[in-house]
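To keep things clear, I will list the structure first and then write my remarks on it.
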Amino acid sequence: QVQLVESGGGLVQAGGSLRLSCRASRSSFSINTVGWYRQAPGKQRESVATISRFGTTSYSDAVKGRFAISRDNAENTVYLQMSSLKPEDTAVYSCNTIIGGWNYWGQGTQVTVSS
């Protein structure tokens, strides 16, 4: 069993920045790909960014150039640095990983960007 806990969400003005954290309860987290996803009201959940165990990153077109995903394996934590935020980035952001065939999600953290 793995618990993922997100933090760092909040209310920010357009153009501002936030850094989200996703901390895992087990060290095996460090050898897995981790993804950040978001879901806005009335919309499907979408992938935002992923980072592999080797540090290879990928981003959705909507956030490329504005968001940066990183990881600190010693702290079992993955970060999402969000800059130049837009009102359309408003959503609940969740992190995800698969360990031993099991799909784990955090509870999510709300990000609200005001115009």
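Between E88 and I31, what length comes free when the chain is fully extended (0.36 nm per residue of separation minus the Cα-Cα distance, one decimal in nm)?
This chain segment gains 17.3 nm when fully extended.
Using θ = phi - 60° and the Karplus relation 6.51 cos²θ - 1.76 cosθ + 1.60, list the HN-Hα couplings for region 30-44 in order, rounded to whole Hz, with x at every Gly or Pro.
These are the phi-based 3J(HN,Hα) values: 6, 9, 10, 5, 10, x, 9, 10, 9, 9, 8, x, x, 10, 6 Hz.
What does the net charge come to around C22 if you take all other residues with beta carbon closer than 14 Å to its beta carbon, with K and R at +1 and D and E at -1?
+2
Could you give the accessible area per residue of the chain, probe 1.4 Å, as a whole number in Å²?
53 Å²
Between E75 and Q13, take the C-beta separation as r, use R0 = 30 Å, and let me know the FRET efficiency to the nearest 0.05.
0.55
Counting only protein heavy atoms and using a 1.4 Å probe, what share of the accessible area of the chain belongs to carbon plus sulfur, as a whole percent?
48 percent
Averaging over all projection directions, find the projected area of the Cα convex hull of the chain and quote it in nm² with one decimal place.
Its Cα hull, projected and averaged over all orientations, spans 6.7 nm².
Between Q1 and A40, what FRET efficiency comes out of the Förster formula 1/(1 + (r/R0)^6) with R0 = 41 Å and r the beta carbon distance, rounded to 0.05?
About 0.90, to the nearest 0.05.
By DSSP, what percent of the beta bridges with both residues in the chain are antiparallel, rounded to the nearest 5?
90 percent
The values are calculated or read from the model by the stated rules, or taken from the named source; none is laboratory data. Fair warning: this is a prediction, and the values are worked out from it, not measured in the lab. Backbone-built Cβ (ideal geometry, glycine too); neighbour counts: all protein chains shown. Side chains are part of the model used for accessible areas, which takes the heavy atoms of the whole protein and leaves out ligands, DNA and RNA. Shrake-Rupley method; radii C 1.70, N 1.55, O 1.52, S 1.80 Å.
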